Each structure stands twice: as C-alpha cells, then as structure tokens.
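K.L.:
Structure in structure tokens, see below.
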Amino acid sequence: MLFKDIRDYQISFLGLFLVVGIGTRDWTLRPELIGVLIATSLATQWILSWVTGKEQITSLRSALITSLGLSLLLRADHWTTMAIAAASAIASKFLFKFGDKHFFNPGNFGIISALVLTSDAWVSPGQWGEEWWYALLFAGTGGMTLQRIGRWDTTAAFLGAYSLLEAIRNLWLGWTWDVYWHRLMSGSLLLFALFMITDPRSIPNSRIGRVVWAVCIAGLTFILRNYFFIPTAVFWALFMVAPLTILIDVLWLAPRFAWQEGDVALASRRVGDEGDEAAGEELLTQHS
C-alpha cells in the first residue's frame with residue numbers, strides 16, 4: 001500500500017489537479033497567493049491545535065488538504081483575502097462544533113467567508129471547462145479516495161438528485177440535451193461532488209443521513225442556480241445545509257468516521273454485511 005493515511009491520497013490528487021490547472025487550464029492561479037493559502041492554513045492549524053491540545057502532526061494533513069482545495073477554487077486579487085479565507089476555514093473546525101465534531105466543511109467555509117468579508121474574492125464554477133478528460137481525471141482519482149473512505153453514497157446521492165432535477169427542467173423547457181450536458185460537465189462541480197461534499201469528518205455519520213443530506217444540498221443548489229441565478233449556488237447550498245448534520249446525527253445514530261485506513265476498510269466491509277453491522281460500529285468507535 002503506497003500511503004498509510006487516506007489523506008495522503010487526497011493531498012497527492014489535489015496537488016496534481018493544481019499542477020494540471022496551472023499548466024493546462026487556469027493561468028489566473030498565482031503561486032504567491034497559493035503560498036499564502038498554504039502557509040496561513042498550516043500556521044492557523046498549528047496554533048489552534050497547540051492552544052486546544054490537539055494532535056498537531058496528523059491535523060496538519062487536513063490543513064494542507066483545505067489549503068489545496070481553496071487554491072483550486074478560490075480566486076482573489078490580494079494576499080490578505082487568501083489569508084482571511086485560509087484562517088477562517090481552519091478556525092471553523094475549532095469554533096463550530098457539536099460535541100467533538102465540526103459540521104462546516106472547512107474549505108467551503110473559507111470560500112463563503114472570503115466572498116462575504118472581502119470585495120475581491122470570486123469563484124469561477126466553469127474555470128475547469130468541460131473537456132471529457134478532466135472529468136475522467138477527477139472521477140478516477142476521486143473514486144480511488146472514496147473507495148477507501150466509503151463515501152460513494154454521498155457523491156451518488158448528490159449527483160443523482162441534481163442530475164434528475166436538471167433533466168426534468170430540461171424536458172419542461174423543451175431544450176436539447178446538449179444544454180443539459182453542458183450544465184453537468186463541469187470540472188468544478190465534480191471537484192465539489194468528489195472531494196468537498198464527501199469530507200467524512202463534517203458530513204453525517206450514518207448512510208441514510210448522508211443520502212438525505214446530499215439530496216437536500218442538490219435540491220437547494222438547483223433552486224439557487226435556476227431561480228436566483230447564483231453561479232456559486234453549490235457552495236452556498238453546502239454552507240446553508242451544513243448545520244443539519246447535527247440534527248441528522250441525532251436522528252440516525254452511527255459511529256463517527258476514523259481516518260485509519262485499515263480500520264475503516266475493515267469496518268466498512270463488516271457494516272456492508274447486516275449481520276456484522278454491530279461489529280463494524282464497535283471497531284470504528286474504538287478508533288474515533
């Protein structure tokens with residue numbers, strides 16, 4: 001096994017996307033601003049981990065993932081905006097918690113904070129274009145990660161519900177299907193569905209909870225995009241629905257996700273068999 005920690009896969013893939021984006025797609029990426037994002041994220045994570053007594057070395061992986069995600073999606077004219085986004089993203093994990101679990105996705109919280117608190121931040125949902133090989137790259141690498149963390153249900157529920165709503169609207173308006181595929185074949189949408197909405201530490205713990213949660217995000221995204229004409233609808237939808245994680249975790253009890261890949265893989269296989277569901281839950285609970 002190449003990596004022992006699943007987060008190492010995420011770091012590798014997001015770093016690859018960043019290199020590909022700089023080299024083939026998005027020349028608005030500025031290395032100095034990316035450096036600010038990474039440095040601020042790591043520094044904020046280290047300081048807050050030290051203050052709260054959290055484990056620092058492993059948590060720095062999560063901070064790096066957050067900074068890479070922000071680098072792929074967020075754009076700004078000034079370094080201070082990037083610093084605000086990074087600091088807000090990491091701080092949200094420590095400030096907005098229920099029990100020992102944070103319910104906002106850090107990268108998404110950083111994007112929303114930059115959009116609200118600054119005047120020069122923007123997100124370009126179409127910045128990755130619609131080339132098929134981008135979709136294959138994102139789906140392939142995202143699929144490898146999701147296979148290890150067992151969160152395919154979240155991505156499938158979101159993309160399935162959103163695709164269905166767009167198809168119904170397309171039929172209702174009498175548009176050709178090339179319009180439909182144009183709205184779905186977005187690199188940014190795939191990045192969101194494969195890497196942001198599937199963050200196992202901030203989404204609902206139970207499978208049924210994740211499906212309900214993802215469908216709610218898809219529905220709200222559809223409304224915000226088509227009736228309020230908000231181009232960044234998917235990010236606002238996740239931000240608005242995120243607090244529902246607290247209620248969903250209360251309604252459908254399940255063990256919290258553990259990052260240890262071997263334990264997660266074993267527990268996932270056991271939970272997949274209804275007869276061993278209790279054993280899987282016990283194993284995951286031991287490593288939370």
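The values are calculated or read from the model by the stated rules, or taken from the named source; none is laboratory data. Given the structure is predicted, the values throughout are model-derived calculations rather than measurements. Please note: Cβ atoms are built from the backbone with ideal geometry, for glycine as well, and neighbour counts cover all protein chains shown.
K.L.:
Any residue at all in the range 72-87 that's crowded, with 19+ Cβ neighbours inside 10 Å, part of a helix (DSSP H, G or I), modelled with pLDDT under 90 and within 19 Å of the chain's Cα centre (by Cα)?
P.N.:
yes
K.L.:
Looking at TRP50, is it out of contact with any Ser or Thr (no Cβ under 7 Å at 6 or more places or on another chain), modelled with pLDDT of 90 or more and assigned to a helix (DSSP H, G or I)?
P.N.:
Details: out of contact with any Ser or Thr (no Cβ under 7 Å at 6 or more places or on another chain): yes; modelled with pLDDT of 90 or more: no; assigned to a helix (DSSP H, G or I): yes.
No, not satisfied.
K.L.:
Checking the condition among the small types (Gly, Ala, Ser), surrounded by 24 or more Cβ atoms within 10 Å (Cβ to Cβ) and assigned by TED's automatic domain parsing to the domain that holds ALA157, which residue from ALA214, ALA233 passes? Spell out the reasoning first.
P.N.:
Details: ALA233 fails: surrounded by 24 or more Cβ atoms within 10 Å (Cβ to Cβ).
Checking each option against the conditions leaves just ALA214.
K.L.:
Those residues that are part of a helix (DSSP H, G or I) and either touching a residue at least 40 places away in the same chain (Cβ under 8 Å) or crowded, with 16+ Cβ neighbours inside 10 Å (or both), I need them from the range 103-122; list them, please.
P.N.:
First, pick out the residues of the range 103-122 that are part of a helix (DSSP H, G or I): 106-117.
Those that are part of a helix (DSSP H, G or I) and either touching a residue at least 40 places away in the same chain (Cβ under 8 Å) or crowded, with 16+ Cβ neighbours inside 10 Å (or both): PRO106, GLY107, ASN108, PHE109, GLY110, ILE111, ILE112, SER113, ALA114, LEU115.
K.L.:
Can you tell me which residue among GLY99, GLY110, GLY129 is of a type outside the set (Phe, Trp, Tyr), more than 29 Å from PHE229 (Cβ to Cβ) and either over 14 Å from the mean Cα position of the chain (by Cα) or modelled with pLDDT of 90 or more (or both)?
P.N.:
Details: GLY110 fails: more than 29 Å from PHE229 (Cβ to Cβ); GLY129 fails: more than 29 Å from PHE229 (Cβ to Cβ).
Just one listed residue meets the conditions, GLY99.
K.L.:
Could you please let me know if PHE228 is in a helix (DSSP H, G or I), among the aromatic types (Phe, Trp, Tyr) and more than 17 Å from the chain's Cα centre (by Cα)?
P.N.:
On the way: in a helix (DSSP H, G or I): no; among the aromatic types (Phe, Trp, Tyr): yes; more than 17 Å from the chain's Cα centre (by Cα): yes.
When the stated conditions are applied, PHE228 does not pass them.
K.L.:
So, one more: Filtering the range 170-192 down to residues that are surrounded by 15 or more Cβ atoms within 10 Å (Cβ to Cβ) and modelled with pLDDT of 85 or more, which residue is nearest to PRO231 (Cα to Cα)?
P.N.:
Kept after step one, since they are surrounded by 15 or more Cβ atoms within 10 Å (Cβ to Cβ), are these residues of the range 170-192: 170, 180, 183-192.
Subsequent filtering for residues that are modelled with pLDDT of 85 or more retains 170, 180, 192.
Working: ASN170: 18, TYR180: 16, PHE192: 14 Å.
Among them, the one singled out is PHE192.
Residue by residue, here is whether (1) touching a Ser or Thr at 6+ places or on another chain (Cβ under 7 Å); (2) in a loop (DSSP other than H, G, I, E, B) holds:
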residue	(1), (2)
ALA167	no, no
TRP175	no, yes
VAL179	no, no
ARG183	no, no
PRO200	no, yes
ASN205	no, yes
ALA214	yes, no
LEU220	no, no
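K.L.:
Further question on the same structure: Can we say ILE223 is surrounded by fewer than 17 Cβ atoms within 10 Å (Cβ to Cβ), farther than 18 Å from ALA193 by Cβ and at pLDDT 75 or above?
P.N.:
Here the answer is no, as ILE223 does not meet what is asked.
K.L.:
So which pairs qualify, if the first residue must be in the range 228-244 and in contact (Cβ under 8 Å) with a residue 12 or more places away in the chain, the second must be of a type in the set (Ser, Thr, Tyr), the Cβ gap must be under 6 Å, and the two must be at least 6 apart or on different chains?
P.N.:
Pairs found: ALA233/THR221; VAL234/THR221; ALA237/THR221.
K.L.:
Can you run down the residue pairs with Cβ atoms below 6 Å, 6 or more apart or on separate chains, where the first is in the range 86-102 and over 17 Å from ALA114 (Cβ atoms) and the partner is modelled with pLDDT under 95 and hydroxyl-bearing (Ser, Thr, Tyr)?
P.N.:
HIS102/SER202
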